[in-house]
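Read the figures in this text as sums done on the coordinates, not as results from a lab. Everything numeric here is computed off the predicted structure, so don't read it as measured data. In this analysis, Cβ positions are derived from the backbone assuming ideal geometry, glycine residues included, and neighbour counts consider all displayed protein chains.
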Amino acid sequence: MTTIDTRELRNAFGSFMTGVTVVTAISESGEKVGFTANSFTSVSVEPPLLLVCPSNNLSSFDIFNTCKHFAVNILAEDQKDISNTFASAKGDRFENINWHSDENGCPIIEGSVAHFSCSTYSNIPAGDHILLVGQVNGFATNEKLGLGYAKGGYFSLGMERRAEELTHLLEGVVGGIIEFDNKVLLTATEQGYTLPQIATSTEQGSQKTVRKFLDAQGLDCEIGPVYSVYENLKAQKFTTYYRVSANNGLAGELGEYIDIDKIADLDFVSSDIQSMMQRFVSEKQNGAFRLYVGDNETGNIH
């Protein structure tokens, strides 16, 4: 029998890009419970069915295992804090969020992209989880964009789209933080290290530009989410950097792969790249990546 590394298996499962939901229910005694889940899928339209997978390790497992009703809330891109609260916090998770009850008393999170009020259709034990199938009794949705999750980090389709739209309006620079085997591809210059990058144009946008650039260098890469979008005030250029995963250690003529734990000690060509790489190292250690939007001096992290 093949032995499977459960940590590596979890990482492999996590490479599938999903939305983020909070599943809620209420006990017979009136206790409100909820947990963050990306294991959510539609099952059927006739009858209307959906599926979530509560873990046996949940503190609220017994409630979900026996509930007659539950609700699924699809979180919006600005609700990362709510996701984190229901993924890790203890105590009253509903205390600091806006919510209301559906007709069965299950909490509905306000501001979510969509919610589904369900009655339990079936409950099937499956390894260390249960397959909880709900029949949708009511739902609501809106035009907001959902919060995304992949490879241990959140991403925002709205921010990605806005970043791409801006590159069609302003000429600038696009580059990548290219990872392979816990290393990052860096280019050495007389002024310090920098990231692989190329000028972009309004005709083709940032993602298509960086894709062609890496292909021309012979790199086998998968382009991930946008990591930083900012205006370089000194150079008067609009700058976009993507997270990129390399499938091998080939660097072409772009430089060399350097261990992530050595990056903090390096000198970079400019303060904006220095700051971005310091943030990257920290977020890599914490396992959660964010998006910077602003200029090379000040901005916001989403």
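Within segment 286-297, one or more residues are under 23 Å from the mean Cα position of the chain (by Cα), farther than 15 Å from GLU179 by Cα and among the aromatic types (Phe, Trp, Tyr). Quick check on my filter: what residues within segment 10-47 are touching a Gly at 6+ places or on another chain (Cβ under 9 Å), farther than 17 Å from HIS129 by Cβ and not in a strand (DSSP E or B)? Scanning segment 10-47 gives ASN11, MET17, VAL20, GLY30. Candidates ILE130, ILE108, ILE97, ILE124: the one that is outside any strand (DSSP E or B) and closer than 27 Å to SER29 by Cβ is ILE97.
Filtering segment 221-228 for residues that are small (Gly, Ala, Ser), part of a loop (DSSP other than H, G, I, E, B) and crowded, with 19+ Cβ neighbours inside 10 Å leaves an empty set. Residues in segment 64-73 that are crowded, with 21+ Cβ neighbours inside 10 Å and β-branched (Val, Ile, Thr): 1 in all. For segment 116-138, the count of residues that are over 21 Å from THR66 (Cβ atoms) and surrounded by 15 or more Cβ atoms within 10 Å (Cβ to Cβ) is zero. Just name the residue that is surrounded by the most Cβ atoms within 10 Å (Cβ to Cβ) out of those in segment 179-219 that are hydrophobic (A, V, I, L, M, F, W, C), free of Cβ contacts under 8 Å to residues at least 60 places away in the same chain and in a strand (DSSP E or B). Selected residue: ILE198.
Number of residues in segment 48-57 that are assigned to a loop (DSSP other than H, G, I, E, B) and buried (at least 16 other Cβ atoms within 10 Å of the Cβ): the value is 3.
Taking ILE26, is it touching a residue at least 12 places away in the same chain (Cβ under 8 Å) and either within 13 Å of HIS115 (Cα to Cα) or surrounded by fewer than 17 Cβ atoms within 10 Å (Cβ to Cβ) (or both)? So ILE26 fails the test.
I want to confirm something. Restricting to segment 245-277 and keeping residues that are out of contact with any Ser or Thr (no Cβ under 9 Å at 6 or more places or on another chain), of a type in the set (D, E, K, R) and not in a loop (DSSP other than H, G, I, E, B), which single residue is surrounded by the fewest Cβ atoms within 10 Å (Cβ to Cβ)? Going through the qualifying residues, I end up with ASP265.
Within segment 75-83, is there a residue that is in contact (Cβ under 8 Å) with a residue 12 or more places away in the chain, part of a strand (DSSP E or B) and crowded, with 18+ Cβ neighbours inside 10 Å? Yes, that holds for at least one residue.
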